[in-house]
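> Before we start, here is the structure in question, set down as structure tokens.
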Amino acid sequence: MITTAAAGARAKPLRKLVEDGLAILGRFPLGLLQLIFRLSVASVFFKSGHSKILSWDTTLLLFANEYHVPVLSPATAAALSASFELGCSSLIAVGLLTRLATLPLLGMVFVIQTFVYPENWVEHLTWAAMLVFILTRGPGAISVDRLLRPLLLGRRRP
């Protein structure tokens, strides 16, 4: 039979192992995570925008028949969509005007989720989570924004 003292003695090494593991995970570089999120979400939107401009006639048909965006004409919605997808995703990938570039894409995710493909909420939630993380935490150390900060603001962020 295992006594309470013996069980407590065994739990201490396990507890230490868990604490050490969490400490190691806590040292994962945030800048690397920000870069991974930026490149991941940018690739999704860039590929979509690229496919739109490669077959523009098909894109216009999709916006006229399947992608029912309220208020905008299919041609306007298609042009805005392709422009935001290519432009904003490029800015996010290199980390230039990053936080600003997340806003149109977050708007697109909202429109896609609400009006176009509401059943794909898991995928849209993933995109939105990465974009909100980038919006709230910034592009990270590996970005053009970080390089330009001293030139624009005259100081470095601690």
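> Using the charge dipole of the chain (Lys, Arg: +1 at Cβ; Asp, Glu: -1 at Cβ; taken about the Cα centre), state which of 101, 58, 86 has its Cα farthest towards the positive end.
Comparing the listed Cα positions along the dipole, 101 ranks first.
> A follow-up question, please. Averaging over all projection directions, find the projected area of the Cα convex hull of segment 30-153 and quote it in nm² with one decimal place. Walk me through the intermediate numbers first.
Values: hull surface 31.4 nm².
The number I arrive at for segment 30-153 is 7.8 nm².
> Looking at the chain, identify the longest residue range that excludes and avoids all trypsin sites (Lys or Arg not before Pro) in DSSP loops having at most 10 other Cβ atoms within 10 Å. Before the final figure, lay out each step's value.
Numbers: sites that count: 27, 155, 156.
In the chain, the maximal stretch lacking such sites is 28-154.
> Could you pull out the GluC sites (Glu not before Pro) across segment 74-141 that fall in loop regions by DSSP (anything but H, G, I, E, B) with no more than 10 other Cβ atoms inside 10 Å?
Values: sites: 85, 119, 123; in loops: none.
Passing sites in segment 74-141 do not exist.
> Contact order normalised by length for segment 1-133, with contacts defined as Cα pairs under 8 Å and 6 or more residues apart; what percent is it?
On the way: 93 pairs, mean separation 33.1, N = 133.
Reported relative contact order: 25 percent.
Laboratory data are not the source of any read-out in this text; all were calculated from the coordinates shown. What you are looking at is a predicted structure, and each value in this text was computed from that prediction instead of being measured. Cβ coordinates were reconstructed from backbone atoms using ideal geometry, including for glycine residues, and neighbour counts include every protein chain displayed.
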